[in-house]
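Before any comments, here is the structure.
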Amino acid sequence: MPETQKQIQALRDQLNDHNYRYYVLDDPLISDSEYDQLFRDLQKIEAENPNLITEDSPTQRVGAEPLTSFGSLTHRMPMLSLANAMNEGELAAFDMRVKKGLDTENDIEYMAEPKLDGLAVELVYENGLFVNGSTRGDGITGENITQNLKTISAIPLSLRMGEKQIPPLLEVRGEVFITKDGFKKLNQNQEKEGLPPFANPRNAAAGSLRQLDSNITATRPLSIYCYEAGTIDGVSFETHEDFLSTLKKWGFPVNPEIQKVTNVEKMVAFHRNLEAKRETLPYEIDGTVFKVNTTDQRNALGIRSRSPRWAIAGKFKAQQATTVVQDIIPSVGRTGAVTPVARLDPTNVGGVIVTNATLHNQDEIDRKDVRIGDTVFIQRAGDVIPEVVKVILTKRPSDTKKYLLPNVCPSCGHEVFRPEGEVVARCQNLSCPAQVKGRIEHFVSKTALDIDGFGEKLVDQLVDKRLIRTVDDIFKLTYDDLVNLDRMAEKSALNILEAIQNSKQTTFARFVYALGIRNVGAHLSNVLEKTYVGDMEKFMNVSAEELEAIDEVGPIVAETITTFLLNCTNTDVIESCLSLGIRLKKVEGPKSQLLKGKTFVFTGALTQFSRNDAKEMAEAHGGRASGSVSKKTDFIVAGPGAGSKLKKAAELGIPVLSETEFLNMLK
Ligand code: IVH
């Protein structure tokens, strides 16, 4: 094998081994940054040798072209569902049926598994290589989501060698899900981008898997645990236990909670234990699954029309209860959303004492007609905040009245604003104490003023010590303010001051985005920048009509912006920032039309300019920069380490330029 190829293979093996240790063994050996370094090394060699790139290289998980729709894939073997046992009695009844079906009085061995609350998928491997994957669909035919599944690092692109041979055809089934932590982070991000949050981890996982652009899926924290087989050619298993342990050896993540139980008592004990442990697991589950362990016994039992006779899902106890609403209290979150919360007579819901439940918003209160004094049904689903489901009208006292949320913010008393067509009322006051921390974190974030080293812990301390009340206070911080904080070294204090100083040279778009005006995300800030060309004064005096005249600005956004700017506290903060040294670089109109109508994709580690500079240069000369390679791409500009995009460009016959060649085009 030539030297380069050996080097590439060695890097791929290392990356695959580390991936395996991380996702399957849960025992990583190296840090994320060391992993990233290996990954970049591989990308670099591959970019220099695009002919050596293979489909299963770890670098090939992203970069696919967005689809216009999903194709369909028919499952070789239908993907069945599970019958439910609603309580322990029904679990015991299942065990009896199994024994009867097998005509035995002996104890039956089951594999006991958590029932993950995600989406079932099928992964197909031919001769050890991942070839395609699909959703369950109607059980017979699902959607072809191969590109999206490839982005999930926990899914092996090629199988590891084990003691069992690699089958020519292997279909593995499992559940794709998002952890509770991943869900929280994802929703924080949605909020930052001005996008609606996902209702729960399951919806978030479903939405992420059904993206037509797999580059979006790649940014979502998707995980998988595998738990069943479809068709397997050439290899058979005596037990499910044996199958699961082989799955791990082949490189598939398998849930570590899975246990073998050897009789019905142990089955019930597993169910109780898991239910008690439910809250502490890092992902959501909605029950247990018990599967007959022995393959022969499974075959003897067979299937019904839609579910196997050899498996059952044990449902957890209903997480519902009734209680009385003592009071309804509006609360304001870090993003200014005012949410009515019902204070309840404390009550036990599935093992947790609940004292508060969300009523979501005024529309929901109206729809359910929840009043103070009402007896209500509440429910708790997984990690989500308990909610009021409905009122038990027969128990309503005679003296209740309809509840209306006050129209001022419960934290700062400022008038709240509810844009037409939206259900949530918000406080838009930049100095609202309930939102200060959230607003500051947003203000300093990467896409906003990008103040390095200004993390959540620092914000907490600065706000708690009253060193910052509104975002402009950041620019008033002194060395003494910082150095007296907990765990703040002199050097760090100086670094932060320098980062604050540097952040003052910014753009109109970044600054407007940083203000955190509802509905004004990064994209819209750029749109506004084109109209206001850095003129804050003009922007601050804008009318709703003028805003609506801008392409991409609708009446709701226009109204949100003008109400924001009508609030004197907000304009005071903006002016204070400007007087403390914020300078908004003017963006210029196009310098030339040299690149008119040309689309560029910049890839690899650019060395002569940043990706942002590159985009600005292209646009300044009438061109466009895009993130993904397609038939519409005119040129690729590749720096060191370029990988899949370069390969794609070669396939599509798109010319590849060096950075210098690109700069020469502008002359
Ligand atoms: S086995 C014939 N195992 O539950 C067996 N399913 O109601 C079918 N699920 O569509 C699947 N955790 O989405 C199995 N450990 C587990 C599971 C599990 C969750 C889901 C899966 C399936 C549904 C069946």
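The values are calculated or read from the model by the stated rules, or taken from the named source; none is laboratory data. Every value quoted in this text rests on a predicted model; they were computed, and no experiment measured them. Here the Cβ positions follow ideal geometry from the backbone for every residue, glycine too, while neighbour counts run over all protein chains shown. All accessible areas refer to the heavy atoms of the entire protein, side chains included, with ligands and DNA or RNA removed. Shrake-Rupley method; radii C 1.70, N 1.55, O 1.52, S 1.80 Å.
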*asked:* Looking at 579, 543, 610 in this structure, which one is within 32 Å of the chain's Cα centre (by Cα) and hydroxyl-bearing (Ser, Thr, Tyr)?
replied: 610
_Among (1) of a type in the set (D, E, K, R); (2) exposed (fewer than 14 other Cβ atoms within 10 Å of the Cβ); (3) free of Cβ contacts under 8 Å to residues at least 60 places away in the same chain, the one test that residue 306 misses_ = (3)
*Number of the exception - residue 301 against (1) farther than 30 Å from residue 517 by Cβ; (2) touching a strand residue (DSSP E or B) at 6+ places or on another chain (Cβ under 8 Å); (3) open to solvent by 40 Å² or more (accessible area, probe 1.4 Å)*: (3)
_Can you tell me which residue is modelled with the highest pLDDT among those in segment 457-487 that are more than 20 Å from residue 442 (Cβ to Cβ) and open to solvent by less than 30 Å² (accessible area, probe 1.4 Å)?_
482
*Scan of segment 550-560 for residues that are among the β-branched types (Val, Ile, Thr) and crowded, with 20+ Cβ neighbours inside 10 Å, ordered by number*: 553, 557, 560
*Pick from segment 287-316, criterion more than 10 Å from the ligand (Cβ to nearest atom) and in contact with an Asp or Glu (Cβ under 7 Å, 6 or more places away or on another chain), ranking: farthest from residue 276 (Cα to Cα)*: 295
*Does residue 507 satisfy the criteria of being of a type in the set (Ser, Thr, Tyr), surrounded by fewer than 20 Cβ atoms within 10 Å (Cβ to Cβ) and modelled with pLDDT of 90 or more?*
yes
_The conditions are (1) surrounded by fewer than 20 Cβ atoms within 10 Å (Cβ to Cβ); (2) in contact (Cβ under 8 Å) with a residue 40 or more places away in the chain; (3) within 33 Å of the chain's Cα centre (by Cα); (4) not in a loop (DSSP other than H, G, I, E, B), and residue 245 fails exactly one of them. Which is it?_
(2)
_The one condition in (1) acidic (Asp, Glu); (2) in contact with a strand residue (DSSP E or B) (Cβ under 6 Å, 6 or more places away or on another chain); (3) without any contact (Cβ under 8 Å) to a residue 24 or more places away in the chain that residue 56 fails to fulfil_ = (3)
_Would you confirm, using the coordinates I've provided, whether residue 563 is in a helix (DSSP H, G or I), open to solvent by 30 Å² or more (accessible area, probe 1.4 Å), farther than 21 Å from residue 446 by Cβ and in contact with a strand residue (DSSP E or B) (Cβ under 7 Å, 6 or more places away or on another chain)?_
yes
_Single residue of segment 325-341 satisfying the filter (touching an Asp or Glu at 6+ places or on another chain (Cβ under 7 Å) and either open to solvent by 50 Å² or more (accessible area, probe 1.4 Å) or of a type in the set (Asp, Glu) (or both)) that is farthest from the ligand (Cβ to nearest atom)_ = 326
*For residue 551, indicate whether it is under 32 Å from the mean Cα position of the chain (by Cα) and either of a type in the set (D, E, K, R) or on the phi < 0 side of the Ramachandran plot (or both).*
yes
*On the given criteria, is residue 231 over 30 Å from residue 92 (Cβ atoms) and away from the ligand (no atom under 15 Å from the Cβ)?*
no
_Candidates 95, 107, 103, filtered to the one that is open to solvent by less than 40 Å² (accessible area, probe 1.4 Å) and more than 16 Å from the ligand (Cβ to nearest atom)_ = 95
*open to solvent by less than 30 Å² (accessible area, probe 1.4 Å), closer than 25 Å to residue 98 by Cα and either more than 13 Å from the ligand (Cβ to nearest atom) or not in a helix (DSSP H, G or I) (or both): does that describe residue 254?*
no
*Among the residues of segment 155-193, write down those that are in contact with a Phe, Trp or Tyr (Cβ under 8 Å, 6 or more places away or on another chain), buried (at least 19 other Cβ atoms within 10 Å of the Cβ) and of a type in the set (A, V, I, L, M).*
155, 157, 159, 170, 172, 178, 186
*asked:* So for segment 394-404 (the condition being more than 30 Å from residue 282 (Cα to Cα), assigned to a loop (DSSP other than H, G, I, E, B) and among the aliphatic types (A, V, I, L, M)), does at least one residue qualify?
replied: yes
_I'd like to check something: does segment 524-534 contain any residue that is in a helix (DSSP H, G or I), over 24 Å from residue 194 (Cβ atoms) and acidic (Asp, Glu)?_
no
